[in-house]
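Reading through the structure tokens given below for one structure.
The values are calculated or read from the model by the stated rules, or taken from the named source; none is laboratory data. None of the values given here were measured: they were computed from a predicted structure. Using ideal geometry, Cβ is built from the backbone for each residue, glycine included, and neighbour counts are taken over all protein chains shown. Protein only, heavy atoms only, side chains kept; ligands, DNA and RNA dropped before computing areas. Shrake-Rupley method; radii C 1.70, N 1.55, O 1.52, S 1.80 Å.
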Amino acid sequence: MGKLPSGLKTFEATDTVRRAAQNENIEATDALFSDTKGHRHTGKPGDAPQIGKEGLAAGAVTTDKVAAGAILSDKIAKNTIERQHLRSGGLSSNVAKYKSVTITGGELSGVPTTPYTFQWGSKGDNHLWSIPKETALPQSITISLGKLHNQVEGMSFGSWVGSDISTLPKGFNIEVSADGKTWTQVYTFSGGMYEPFSFIPFSQAMDAIYVKLTVTAHGSSARTVLSCLSVYSRFHGGVGEDALEDIRPWGLNARMQGLSIMAEGNVTDNGSGVLTLEKEIIVMNGPAGTYFRVKAGAYIIPDWGYLYVDIPYEHAITVQPSVGQWKEGLRSYDSKDRLVLAQRNGNKTIYLNASVQSRLSGDTPQAEKVNGISLRSDKGNFQFNDGLGWRGVGIKKVQRGTGFLRRDQNIPDDTNYREIIIDPVDVSKAFINVYFHGWQARPEWGSNRQEYKETDINAAIIASNKISVFASFNFEYAFNSFSWEVIEFA
């Protein structure tokens with residue numbers, strides 16, 4: 001007669017079974033269904049095996065049926081629970097959102113790190129990396145995180161419409177780098193199909209600036225498409241990742257609200273692309289109680305170029321500005337720390353992004369108002385307004401010309417008077433000057449000699465677009481060569 005771990009006895013064919021032994025087996029069987037010490041699935045001797053996932057019916061485990069503390073962190077295998085379901089709990093953050101990318105081949109549309117693939121009805125607002133089936137592999141896409149992020153531990157991505165598995169690659173690997181030169185492979189996927197947006201755990205969490213995904217096998221569709229690329233860091237990538245919620249003194253939220261750019265000295269444009277800051281520029285965030293300075297100097301701005309600084313996130317330091325070159329083409333803007341100080345209009349004027357002073361005095365004032373008097377240019381004319389209306393300053397226009405008057409009965413063009421058409425002027429603000437040289441002659445009676453005399457001339461503005469010139473000729477033969485100028489004041 002033997003005994004099992006459960007307490008039940010076994011009988012051989014030759015054993016004499018007494019009623020007492022049968023009762024003991026009945027009691028042992030009944031104990032297996034006890035409320036407190038009954039049948040269990042612990043896998044230990046005497047108990048049933050543990051229940052696998054195949055043994056659970058859909059909806060069999062509900063929240064109110066799970067005992068407090070029943071599921072412990074040390075009982076969950078690493079990466080068993082996909083991390084994207086736990087992001088809201090702060091276990092990791094996507095540090096690649098809206099970051100710039102570069103590719104070795106295929107077609108790039110927008111920025112594939114944007115958290116949506118495309119926007120219906122929005123022309124040009126697609127964010128995809130696609131590789132036609134005929135493109136030779138491998139091909140890579142590299143995400144620049146902008147700065148060093150601690151403990152980068154995994155990534156995920158979607159497809160053409162987010163979850164279309166047919167456009168996803170059947171083979172790829174992932175590498176990370178802290179400098180763009182030395183790369184460490186942290187994941188390899190070969191065979192099967194990648195489920196869109198599944199968390200891809202790296203073999204080791206590493207500090208990185210760059211994450212490179214290389215496609216080694218096309219998907220089953222006509223083209224392989226990746227979108228919504230995300231990279232996760234255990235340390236969230238720093239305080240500035242959610243730009244609009246960044247409440248630091250130089251955070252994006254603060255600089256959108258209270259930034260002022262003030263020049264401490266003259267700022268001049270030589271007309272040929274050289275911007276000179278005679279003294280430092282102050283970039284101040286008044287409500288945050290902080291500022292930094294931009295170094296003075298002469299800076300060559302190319303056609304459509306710009307002068308900028310990257311906000312240093314520090315207080316009361318001086319930074320060196322840089323010159324950027326315009327590159328035309330619609331693309332996302334990921335330089336959230338960049339502040340443009342000046343922009344050149346083609347190959348002409350340079351415009352400063354700065355606060356306009358309410359009053360400016362000195363040897364070379366440069367403002368729209370000087371000592372309380374407003375100034376402006378109207379159709380090329382300099383004007384001022386001291387409260388009595390806009391009035392011109394200085395000369396508006398000068399017109400000049402020449403002519404010739406003569407008296408000789410033998411010449412058809414015999415006249416001592418001319419009218420000349422000019423550009424219209426304001427007669428009340430214009431006057432005429434005339435310069436002349438001439439003589440007149442007649443024979444003396446009873447002699448072969450002639451009498452000579454200088455001539456006179458008069459000029460006048462007789463209409464807004466006409467002047468007249470008149471010479472006093474008293475002798476039979478005379479001429480007068482003249483020049484005139486009409487000066488109009490503003």
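For residues that are within 31 Å of the chain's Cα centre (by Cα) and open to solvent by less than 50 Å² (accessible area, probe 1.4 Å), tally how many sit in segment 185-204.
Step one: filter segment 185-204 for residues within 31 Å of the chain's Cα centre (by Cα), giving 196-200.
From what is left, the residues that are open to solvent by less than 50 Å² (accessible area, probe 1.4 Å) are 196, 198-200.
Adding up the residues that qualify gives 4.
If I filter segment 384-398 down to residues being touching a residue at least 12 places away in the same chain (Cβ under 8 Å) and over 20 Å from residue 487 (Cα atoms), which single residue comes out as surrounded by the fewest Cβ atoms within 10 Å (Cβ to Cβ)?
Top of the filtered list is 386.
Looking at this structure, is residue 173 under 28 Å from the mean Cα position of the chain (by Cα) and either buried (at least 20 other Cβ atoms within 10 Å of the Cβ) or of a type outside the set (A, V, I, L, M, F, W, C) (or both)?
No; evaluated as a whole, the condition is false for this residue.
Out of the residues in segment 473-490 meeting the condition of being assigned to a strand (DSSP E or B) and among the aliphatic types (A, V, I, L, M), tell me which one is nearest to residue 393 (Cα to Cα). Even if it seems obvious, please write down each step before you answer.
Here is the first cut: in segment 473-490, the residues assigned to a strand (DSSP E or B) are 477-489.
Now restrict to residues that are among the aliphatic types (A, V, I, L, M): 478, 486-487.
Values: 478: 43, 486: 17, 487: 14 Å.
Looking at residues that are assigned to a strand (DSSP E or B) and among the aliphatic types (A, V, I, L, M), I get 487.
From the residues in segment 259-271 that are surrounded by 13 or more Cβ atoms within 10 Å (Cβ to Cβ) and among the small types (Gly, Ala, Ser), which one is nearest to residue 337 (Cα to Cα)? Walk me through how you get there before you give the answer.
Within segment 259-271, the subset surrounded by 13 or more Cβ atoms within 10 Å (Cβ to Cβ) is 259, 261-269.
Still in the list and also among the small types (Gly, Ala, Ser): 263, 265.
Details: 263: 21, 265: 25 Å.
Checked segment 259-271; the qualifying residue nearest to residue 337 (Cα to Cα) is 263.
Does segment 287-306 contain at least one residue that is within 30 Å of residue 113 (Cβ to Cβ), part of a strand (DSSP E or B) and at pLDDT 90 or above?
yes
Could you check segment 131-159 and list, in sequence order, the residues that are surrounded by fewer than 22 Cβ atoms within 10 Å (Cβ to Cβ) and closer than 10 Å to residue 225 by Cα?
Across segment 131-159, the qualifying residue is only 132.
Based on this model, can you work out whether residue 77 counts as modelled with pLDDT under 70, in a loop (DSSP other than H, G, I, E, B) and either in contact with a strand residue (DSSP E or B) (Cβ under 7 Å, 6 or more places away or on another chain) or closer than 30 Å to residue 233 by Cα (or both)? Step through it out loud before you land on a result.
Values: modelled with pLDDT under 70: yes; in a loop (DSSP other than H, G, I, E, B): yes; either in contact with a strand residue (DSSP E or B) (Cβ under 7 Å, 6 or more places away or on another chain) or closer than 30 Å to residue 233 by Cα (or both): yes.
Considered against the rule, which asks whether it is modelled with pLDDT under 70, in a loop (DSSP other than H, G, I, E, B) and either in contact with a strand residue (DSSP E or B) (Cβ under 7 Å, 6 or more places away or on another chain) or closer than 30 Å to residue 233 by Cα (or both), residue 77 comes out as yes.
When you scan segment 403-420, how many residues do you find that are surrounded by 10 or more Cβ atoms within 10 Å (Cβ to Cβ) and either among the small types (Gly, Ala, Ser) or touching a residue at least 12 places away in the same chain (Cβ under 8 Å) (or both)?
Number of matching residues: 11.
Can you say whether residue 47 is surrounded by 12 or more Cβ atoms within 10 Å (Cβ to Cβ), more than 50 Å from the chain's Cα centre (by Cα) and modelled with pLDDT of 70 or more, as far as the supplied structure shows? Even if it seems obvious, please write down each step before you answer.
Values: surrounded by 12 or more Cβ atoms within 10 Å (Cβ to Cβ): yes; more than 50 Å from the chain's Cα centre (by Cα): yes; modelled with pLDDT of 70 or more: yes.
Judged against the criteria, residue 47 is a match.
Can you find a residue that is closer than 10 Å to residue 490 by Cβ and among the basic types (Lys, Arg) anywhere in segment 402-422?
The first filter runs over segment 402-422 and keeps only residues closer than 10 Å to residue 490 by Cβ, leaving none.
No: segment 402-422 contains no residue that is closer than 10 Å to residue 490 by Cβ and among the basic types (Lys, Arg).
Suppose we keep only residues that are of a type in the set (Phe, Trp, Tyr), outside any strand (DSSP E or B) and touching a strand residue (DSSP E or B) at 6+ places or on another chain (Cβ under 7 Å) within segment 172-211. Which one would you say is nearest to residue 232 (Cα to Cα)?
Checking each candidate, the answer is 199.
Could you list all residues from segment 462-478 that are of a type in the set (A, V, I, L, M, F, W, C), without any contact (Cβ under 8 Å) to a residue 40 or more places away in the chain and open to solvent by 40 Å² or more (accessible area, probe 1.4 Å)? Full working, then the answer.
Initially, segment 462-478 is screened for residues of a type in the set (A, V, I, L, M, F, W, C), giving 462-463, 467, 469-471, 473, 475, 478.
If we keep only those that are without any contact (Cβ under 8 Å) to a residue 40 or more places away in the chain too, we end up with 463.
Those that are of a type in the set (A, V, I, L, M, F, W, C), without any contact (Cβ under 8 Å) to a residue 40 or more places away in the chain and open to solvent by 40 Å² or more (accessible area, probe 1.4 Å): none in segment 462-478.
Consider residue 226 against the criteria (1) in contact with a Phe, Trp or Tyr (Cβ under 8 Å, 6 or more places away or on another chain); (2) assigned to a loop (DSSP other than H, G, I, E, B); (3) closer than 18 Å to residue 97 by Cα: it satisfies all of them except one. Which criterion is unmet?
(2)
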